[in-house]
Amino acid sequence: MNRWIWITAIGMLLINSRAGYAQNLRFSSWSNNYLQLTSYSGNTAADAFTLRFEANGDIDVPLWKISVRLKQAIVSDSYVFPETKIGFQPSATTGQMEPGPVPTVTQIGIPGDSRLSQGQEVFIVPQSAVSLHHSPSAPNGYYDLQIRYNLVVEGGRYLSQFRSWTNFYIPLEFKAYDEHNNVIGITEHTYQLQIGQLSGNFPSEEQFAIKVSANAVNGTLNLSSLSDYVNGTRVEYENGLSVKANTGYQVVVRSLQPSFSSASGNTLPLQTVSLLLQPVTGHAVSVFRIYLNAVSQMVVRGEDTQGNYEYFNIIYATEPNDETLVKATPDLYITTLQYEIIPL
């Protein structure tokens, strides 16, 4: 009897939909809607957006998520502003609920930085680790959760192409989902970004590259014998990941799905599989063995690669005598992993 767990490096997010989220749950937002750039170092609009959930009475919505979508290119006259230079960084959470306290950014599992991608949903809350939960002592007691985000515009030489007092308008759509991919609510904002008279020197450009090799794009763990269950199994892809950076960097990884799943509807927890990136090139890096999760986790921390690629073997493994695997239905289980390199 064979059982497989298939791990890929890129792919689509597919989630079955069905009704069932709290009907009285409301999603809204507000924004300061304006940021001016006056330096080549870029700028940050503190608490530029506040995203809010409200309800009255009992609610319990696990595994919720929020996305932002750039609806069209950021254009002014003949200028096009690169959307990848614009990021969202969570700053704080506030609100009221029973039982408290209000969950923090870390407890929810919100990524520290999310960049826009034209026409595509970018999940600024990929999958919450904390439910939208409320059990009020009074009938129809009020629930409120607010998540505040800074809007960060990266500095760099690219800003020199724009004429002073050029105004860009950034059309954004925020969408909240429940655990079944049902839409809780949609809000829209058009954010104004103005290029002022830029001062200072060009900051050094941070350059990063990351690639999963062709032999590791579709990774397979095959549990086909009693020994695989008793002793655990592993698969190693030599030179499976390569990275290059001109500054300190970290590699983070997350699953784009909340669990391993099969075409027949069976699931396995992501934590069934561990991941380790093993350095090949011998430079000083720190590596961290992790169990897969839908929240981004750091697996490598390194320094400037001096213009060269650093190579890592990708190792996926299961634990010995994992009862979850022993009891699992024989099937082909799949999830999609996203590897990302970001500055320290």
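Per-structure values
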read-out: Every residue from the range 309-344 that is assigned to a loop (DSSP other than H, G, I, E, B) and open to solvent by 50 Å² or more (accessible area, probe 1.4 Å); value: Y309, E319, P320, N321, T329, P330, L344
read-out: Pick from the range 131-175, criterion touching a Phe, Trp or Tyr at 6+ places or on another chain (Cβ under 8 Å) and in a helix (DSSP H, G or I), ranking: surrounded by the fewest Cβ atoms within 10 Å (Cβ to Cβ); value: S160
read-out: Test set (1) farther than 26 Å from S255 by Cβ; (2) crowded, with 19+ Cβ neighbours inside 10 Å - P101 fails condition number; value: (2)
read-out: Residue, farthest from the chain's Cα centre (by Cα), within the range 266-287, restricted to residues that are in contact (Cβ under 8 Å) with a residue 60 or more places away in the chain and surrounded by fewer than 18 Cβ atoms within 10 Å (Cβ to Cβ); value: N266
read-out: Residues being open to solvent by 50 Å² or more (accessible area, probe 1.4 Å) and of a type in the set (G, A, S) - total across the range 210-224; value: 2
read-out: Count of the range 288-322 residues which are within 17 Å of L221 (Cβ to Cβ) and without any contact (Cβ under 8 Å) to a residue 24 or more places away in the chain; value: 2
read-out: All positions within the range 58-79 that are in a loop (DSSP other than H, G, I, E, B) and over 25 Å from the mean Cα position of the chain (by Cα); value: D58, D77, S78
read-out: Within the range 91-127, tally of residues that are aromatic (F, W, Y) and part of a loop (DSSP other than H, G, I, E, B); value: 0
read-out: Matching residues, the range 100-148, being without any contact (Cβ under 8 Å) to a residue 40 or more places away in the chain and among the basic types (K, R); value: R115
read-out: Among (1) part of a loop (DSSP other than H, G, I, E, B); (2) open to solvent by less than 70 Å² (accessible area, probe 1.4 Å); (3) more than 28 Å from D228 (Cβ to Cβ) - the single one Q306 does not satisfy; value: (2)
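Each row is one residue, and each column tells you yes or no for (1) within 26 Å of E310 (Cα to Cα); (2) part of a strand (DSSP E or B).
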position	(1), (2)
S227	no, no
L241	yes, yes
T247	yes, no
V253	yes, yes
G265	no, no
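The values are calculated or read from the model by the stated rules, or taken from the named source; none is laboratory data. Remember, it's a predicted structure, so these values are computed and weren't measured experimentally. Counting neighbours? That spans all protein chains shown, and the Cβs are built from the backbone with ideal geometry, glycine included. Accessible surface is based on the protein model in full, side chains and every heavy atom, while ligands, DNA and RNA are left aside. Shrake-Rupley method; radii C 1.70, N 1.55, O 1.52, S 1.80 Å.
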